[in-house]
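Novice: Dropping the structure in here first, questions after.
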Amino acid sequence: MHDHRRLGREMGLFDTDPLIGAGLPYWLPDGATVRHTLEEYIRATERRAGYQHVYSPVLGKRELYEISGHWAHYSDDMFPPMDLGGEQVVLRPSLCPHHAVIFRSRSRSYRELPLRMAELGGMYRSELSGVLGGLTRVRAIQLNDAHVFCTLGQVAEEAQAALEMIRRSYAALGITSTRYRLSLPGSGGKYVAAPEKWQRSTALLTDVLDRSGLPYEAAGGEAAFYGPKIDVQVTDRAGRESTLSTVQVDFHQPEQFDLHYIGADGAKHRPVMIHRSIIGSVERAVAHLIEQHGGAFPAWLAPIQLAVLPVSDTELPDAAALARRCADLGLRAQVAGPDRGSLGARVRQARLIPYQAVIGAREAADGHVALRLRDGRRLAPRPVSDVLTRISALIGAHSTDLWADTAS
Ligand SMILES: [Zn+2]
């Protein structure tokens, strides 16, 4: 079984240190490469879908979370406030309040809606140390978050589009969703008391799910405190289910922050807020990807994409030249020369690397490489430029295929 903590350490992706603290992992260079590549993929996907990115601070005044409702409904998961010159500031438990404040920072017209505001930003959760470990239960979280401010009539289409973004991203990441869950409130005082708002938002999400044709189950006690959610559930290799992606409808925070836009009629109207996340927290997503793929990431996400393996020292200059060509193309290549052992040993060491380019005397003389794929396929020697063009195309398309064989 693949445990992301063990694999993550073996692969040099991340680690923790008691001196930094439990639940506060740091990312090593190869892990940082994976994280950066994943974050940039998400940002590019969002830009194409019309989202605009913002940055907002990871701290806020206590009052901000009192208004949003986090203080009343979510403070068990929040860090205690810090006293600072007569006021209290808190590490934020979510990004929504900041985005609501950014929305109302100036007058908004109905023509600006749907206004899609995205941020990959830090947030904090006071997990108890007993449940901490690896990347799945952390105290510092990098969240792929976005809020769509829209009219009531735009909610269904925006929620549907968010589900479609999730589906496409899962295909690129090689993630299989286990099930879709309509997460509803349970009993108890965890949820804001506004029965009419809950009914309206639940009806909207139910409609989105019904029209999408996706099979789903409703579950009580799983909603956000401010509204119901569509949660996309995934299962790890140990059979534990968790939520990666989510789409939520919220009538509560727009009212709390007194958000409005000027309608075509010249009057003020209240927007609806859709909270949506494609991959959830970066930490949990990477943990899931490590386990799902056993460390063999899709080529576009792999920390090293191409291992360059010269058969003998004589081909070292050719190997170095190939690695430079890769770098120029934005491909991540690494030379493993004979000082690292026999060719067979180096092939085994590179078992998680999608492509292994072997260069012997004949390949060097012809300007060819003999390519081995991670899945065991071995291709006949072919020109370097042909190999790099094909690999670049597959990686650029975020394909999970290692090779598109048209004529080999
Ligand atoms: Zn939110």
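Novice: Could you tell me the center-to-center distance, by alpha carbons, between the range 262-328 and the range 1-23 in angstrom?
Specialist: Cα centres, the range 262-328 to the range 1-23: 19 Å.
Novice: Next up: Which loop trypsin sites (Lys or Arg not before Pro) in the range 81-145, with loop taken from DSSP, have no more than 14 other Cβ atoms within 10 angstrom of their Cβ?
Specialist: On the way: sites: ARG104, ARG106, ARG108, ARG111, ARG116, ARG125, ARG137, ARG139; in loops: ARG104, ARG106, ARG108, ARG125, ARG139.
Hits after loop and neighbour filter: ARG106.
Novice: Relative to the first principal axis of the alpha-carbon coordinates of the chain, what is the inclination of helix 195-212, with its axis defined by its Cα atoms, in degrees from 0 to 90 and to the nearest 10?
Specialist: 30
Novice: Would you please name the trypsin sites (Lys or Arg not before Pro) within the range 221-329 that are DSSP coil residues with at most 14 other C-beta atoms within 10 Å of their C-beta?
Specialist: Details: sites: LYS229, ARG237, ARG240, LYS268, ARG276, ARG284, ARG324, ARG325; in loops: ARG237, ARG240.
Passing sites in the range 221-329 are ARG237, ARG240.
Novice: On to the next question. If you average the sequence gap of Cα pairs under 8 Å that are 6 or more apart and divide by the length of the range 303-367, what percent do you get for the contact order? The partial results should precede the final answer.
Specialist: Numbers: 93 pairs, mean separation 32.1, N = 65.
Dividing the mean separation by the residue count of the range 303-367 yields 49 percent.
Novice: A further question follows. ³J(HN,Hα) across the range 40-53 via Karplus (A = 6.51, B = -1.76, C = 1.60, θ = phi - 60°), whole Hz, x for Gly/Pro?
Specialist: Rounded to whole hertz, the list is 5, 4, 5, 4, 5, 4, 5, 4, 4, 8, x, 7, 10, 9.
Novice: Also, quick follow-up: How long are the three semi-axes of the equivalent ellipsoid for the chain, computed from the Cα gyration tensor as the root of 5 times each eigenvalue, in whole Å, largest first?
Specialist: Over the Cα atoms of the chain, the semi-axes work out to 45, 23, 19 Å.
Novice: From the phi of every residue in the range 109-126, what ³J(HN,Hα) in whole Hz does the Karplus formula 6.51 cos²θ - 1.76 cosθ + 1.60 yield, where θ is phi - 60° and glycine or proline is x?
Specialist: 9, 4, 5, 7, 8, x, 9, 9, 10, 10, 7, 9, x, x, 8, 9, 9, 7
Novice: Can you give me the relative contact order of the chain as a percent, contacts being Cα pairs under 8 Å and 6 or more apart?
Specialist: Details: 757 pairs, mean separation 61.3, N = 408.
Relative contact order, the chain: 15 percent.
Novice: Which one of LEU244, PRO93, ALA171 has its Cα pushed farthest toward the positive end of the charge dipole of the range 4-293, where Lys and Arg give +1 and Asp and Glu give -1 at the Cβ?
Specialist: Positive-end residue among those listed: ALA171.
Novice: Calculated from DSSP H runs of 4 or more alone, at -39500 (n - 2.57) each and per residue, what is the 222 nm mean residue ellipticity of the chain, nearest 500? Don't skip to the end; give the middle numbers.
Specialist: On the way: 13 runs with 140 residues, N = 408.
That comes out to -10500 deg cm²/dmol.
Novice: Further, regarding this structure: Search the structure for amide H atoms under 5 Å from the amide H of GLY122, placed 1.01 Å from N in the peptide plane, and list their residues when 5 or more places away or on another chain.
Specialist: The answer is LEU143.
Novice: Sticking with this one: Near the amide H of HIS53, under 5 Å away, which other amide H atoms are found, from residues 5 or more places off or on another chain, if H is placed in the peptide plane?
Specialist: ALA118
Novice: HN-Hα J couplings of the range 16-27 from phi, Karplus 6.51/-1.76/1.60, θ = phi - 60°, integer Hz, Gly and Pro as x?
Specialist: Once θ is set to phi - 60°, the couplings for the range 16-27 become 10, 9, x, 6, 6, x, 5, x, 10, x, 10, 9 Hz.
Read-outs: derived from the displayed coordinates by stated rules, not from any lab. The structure presented is a predicted model; accordingly, all values stated were derived computationally and were not measured. Virtual Cβ from ideal backbone geometry, glycine too; neighbours counted across all protein chains shown.
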